[in-house]
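First up is the structure itself, then whatever we jot down about it.
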Amino acid sequence: MSALADRLARKSLALLTKYGQAASLTRRTAGDYDVATSTRTSSSVSYPVKVLVQSDSGQDKEGDSLQEGTAVRAARRKLLVGAHGLPVVPGPGDEVAPLEGRTWRVLAVDPPVQLGGTPILFTLRVAS
């Protein structure tokens, strides 16, 4: 990581800490099918994140909307998540909680704000 990218990543995390809120990014993975119990095992890993919550109209800057019928527009948000210290790249299907007393499922992830290939901020499109 370049010195400038590292400094920007730390500054963005400091601003998210000051103006945002703490939450957890949870990634669930399906495990093997257990024939004896007729169930599928699963595991989850949670990562602490700093998040700034914004309203989301469902329209991105190019004018493409998220799939219609997948979420109620009133229950959509856009989350800015600091990339500094986050060991994974958020993806669709991940969950972020607790925010506004709910668990939010990631529908889409915009290309990260980055400098020289180093992610600074992730923008997540979520629905509850």
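At a glance:
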read-out: Among Thr41, Thr17, Thr103, residue whose mean-square fluctuation peaks in a GNM of the chain (springs only between Cα atoms under 10 Å); value: Thr41
read-out: Protein-only accessible surface order, largest first, of Leu52, Leu15 at 1.4 Å; value: Leu15, Leu52
read-out: Only Lys, Arg (+1) and Asp, Glu (-1) charged, at Cβ; the chain dipole about Cα centre in debye; value: 480 debye
read-out: 5 angstrom amide H check on Ser24, placed H, neighbours 5+ away; value: Val49, Ala97
read-out: In nm, spacing of pseudo-spin labels at Ser38 and Ser2 (7 Å Cα→C-beta vector); value: 5.9 nm
read-out: Two-decimal ratio, the chain, of alpha-carbon radius of gyration to 2.2 N^0.38 Å; value: 1.17
read-out: Where labels lie 7 Å past Cα in the beta-carbon direction, separation of Leu115 and Arg27 in nm; value: 2.5 nm
read-out: Degrees between helix 3-19 axis and first principal axis of the chain (Cα, 0 to 90, nearest 10); value: 70 degrees
read-out: ³J(HN,Hα) computed for each position of the range 37-43 - Karplus, 6.51 cos²θ - 1.76 cosθ + 1.60, integer Hz, glycine/proline x; value: 9, 6, 10, 9, 6, 9, 9
read-out: 5 angstrom amide H check on Ala108, placed H, neighbours 5+ away; value: Arg125
read-out: Farthest positive-ward along the chain dipole, Cα basis, beta-carbon charges - from Gln54, Gln21, Ala75; value: Gln21
read-out: Lysine-lysine proximity count for the chain, Cα under 14 Å, sequence distance 8 or more or distinct chains; value: 4
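The values are calculated or read from the model by the stated rules, or taken from the named source; none is laboratory data. The shown structure was predicted, so the numbers you read here are calculated from the model rather than taken from an experiment. A quick note on method: Cβ atoms are made from the backbone with ideal geometry, for glycine too, and the neighbour counts reach across all protein chains shown. Ligands, DNA and RNA are excluded from the accessible area calculation, which covers all protein heavy atoms including side chains. Shrake-Rupley method; radii C 1.70, N 1.55, O 1.52, S 1.80 Å.
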